[in-house]
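For reference, the structure is listed below as C-alpha cells.
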Amino acid sequence: MRYSTLFGKTNKTAPHDAESTNARLLAQAGFVSQLTAGVYSYLPLGLRVLKKIHTIVREEMDKLGAQEVYLPALHPRELYETTKRWDKIDVLFTLEGHGGKEYALGSTHEEVVTPLVKQFVHSYKDLPLSVYQIQDKFRNEPRAKSGLLRGREFSMKDLYSFHTSEEDFWDFYERSKTAYLAVYRRCGLDAMVVEASGGVFSKYSHEFQVATEYGEDIVFRCACGMAQNKEIAQVKEGDACQKCGKGTIEVVKT
C-alpha cells in the first residue's frame, strides 16, 4: 500500500475532542477516528494492528486448549432476571424491541454462555471445557474519557471455563494467567498481575496492567512481583513488602 493512496493519513494536530493521550496519538497518527465519546472507527492502519493482536490472542488461547465461539451481542432481559443482574449492572445498555420485549447490548457474556454450555454438556466426561470469543462489547460509561481503553463500544476477548472440581479450576486459572502474560509479551508490553477489587464477580480479582506515565490508575508494587490496586492496597509507598519481606513498595501509574 502506498502512503499517497492511504485512507486516513497523519494529522499535524490532534483532534480537539480527544480527552485521553492514547486517543489523541492514535487519531493524530491516522489509526482511528472518533465518532462520538467512547466510540471509534478503525482506519486501515489501526485495523491491521487490531487484527495482529487478535491473531496473537487466538494463538495463545488455542495453546491453552480453549475453543473459539461467537456469541450474540443482543441479550434478552430474562437471562439477566435469572442471575438477578438486570438492575445491578449500572453500565448496561438496554433497549426495547417490538411488542415491548426488552434487551441488553452485551457488556459481558456470562448470561449467554452459561445456558449455551448447559445445552451441550451432558456429562462430567464433557468437562473441563473452556471457550472464548473476540467481539465488540457495549458499556454505558457515564464519562468515556479513556480513549480506546475504556469506551462505550470496544473490542474484547473474554474466556469462560467450566470444571468438575475447584482444584481443576485453579490449575486452569494459573495456566490462563501464563497465557495472558504471553499475549502481552508478544505485543511488546511488560504486564504485571495486579490484585484488585472483584467487582460483580468476587471480593478480589486479578488485573493485567502496564506501567505508563500517562496512566489513570495507581498500583503499589514490589520487585518480587507483588502488586495491588490502590482500591484494596494495605500498604503505602516506602513500606516493606509484606510478601517477600525484603523489597520496598513503589507507586506506579498504569
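Which strands (runs of 3 or more DSSP E) sit wholly inside the stretch 151-254 and have at least 2 residues that are of a type in the set (S, T, Y), surrounded by 14 or more Cβ atoms within 10 Å (Cβ to Cβ) and in contact (Cβ under 8 Å) with a residue 12 or more places away in the chain?
Those strands (runs of 3 or more DSSP E) span 153-162.
For the stretch 35-50, check the following and say yes or no: at least one residue is more than 20 Å from G215 (Cα to Cα), in a helix (DSSP H, G or I), among the small types (G, A, S) and in contact (Cβ under 8 Å) with a residue 12 or more places away in the chain.
Yes; the residues of the stretch 35-50 include at least one that is more than 20 Å from G215 (Cα to Cα), in a helix (DSSP H, G or I), among the small types (G, A, S) and in contact (Cβ under 8 Å) with a residue 12 or more places away in the chain.
Checking the structure you have, find out if any residue of the stretch 42-63 is among the polar types (S, T, N, Q), at pLDDT 95 or above and in contact with a strand residue (DSSP E or B) (Cβ under 7 Å, 6 or more places away or on another chain).
No, that holds for no residue.
Out of R48, R58, report the one residue that is of a type in the set (K, R), surrounded by 11 or more Cβ atoms within 10 Å (Cβ to Cβ) and more than 23 Å from G147 (Cβ to Cβ).
The match here is R58.
Please indicate, with yes or no, whether at least one residue in the stretch 64-78 is assigned to a helix (DSSP H, G or I), surrounded by 11 or more Cβ atoms within 10 Å (Cβ to Cβ), out of contact with any Ser or Thr (no Cβ under 9 Å at 6 or more places or on another chain) and not hydroxyl-bearing (S, T, Y).
Checked against the condition, which is being assigned to a helix (DSSP H, G or I), surrounded by 11 or more Cβ atoms within 10 Å (Cβ to Cβ), out of contact with any Ser or Thr (no Cβ under 9 Å at 6 or more places or on another chain) and not hydroxyl-bearing (S, T, Y), the stretch 64-78 yields at least one hit.
Filter the stretch 148-190 for residues that are more than 28 Å from L116 (Cα to Cα) and touching a Phe, Trp or Tyr at 6+ places or on another chain (Cβ under 8 Å) and give the result.
Listed by number, the residues that qualify are L148, L181, Y184, D190.
Could you tell me which of the residues V194, V252, V235, V210 is outside the structural domain of E59 (by TED's automatic domain parsing), modelled with pLDDT of 90 or more, aliphatic (A, V, I, L, M) and over 30 Å from L105 (Cβ atoms)?
V252
Just give me the residues in the stretch 51-97 being among the basic types (K, R) and at positive phi, in sequence order.
Across the stretch 51-97, the qualifying residue is only K84.
Counting only residues that are modelled with pLDDT under 80 and not aliphatic (A, V, I, L, M), which one in the stretch 13-28 is farthest from S146 (Cα to Cα)?
That would be T13.
Being among the hydrophobic types (A, V, I, L, M, F, W, C) and touching a Lys or Arg at 6+ places or on another chain (Cβ under 8 Å) is the filter here, so list the residues in the stretch 140-171 that pass it.
Selection gives A144, F154, M156.
The values are calculated or read from the model by the stated rules, or taken from the named source; none is laboratory data. Remember, it's a predicted structure, so these values are computed and weren't measured experimentally. So basically every Cβ, Gly included, is an ideal-geometry build from the backbone, and we count neighbours across all protein chains shown.
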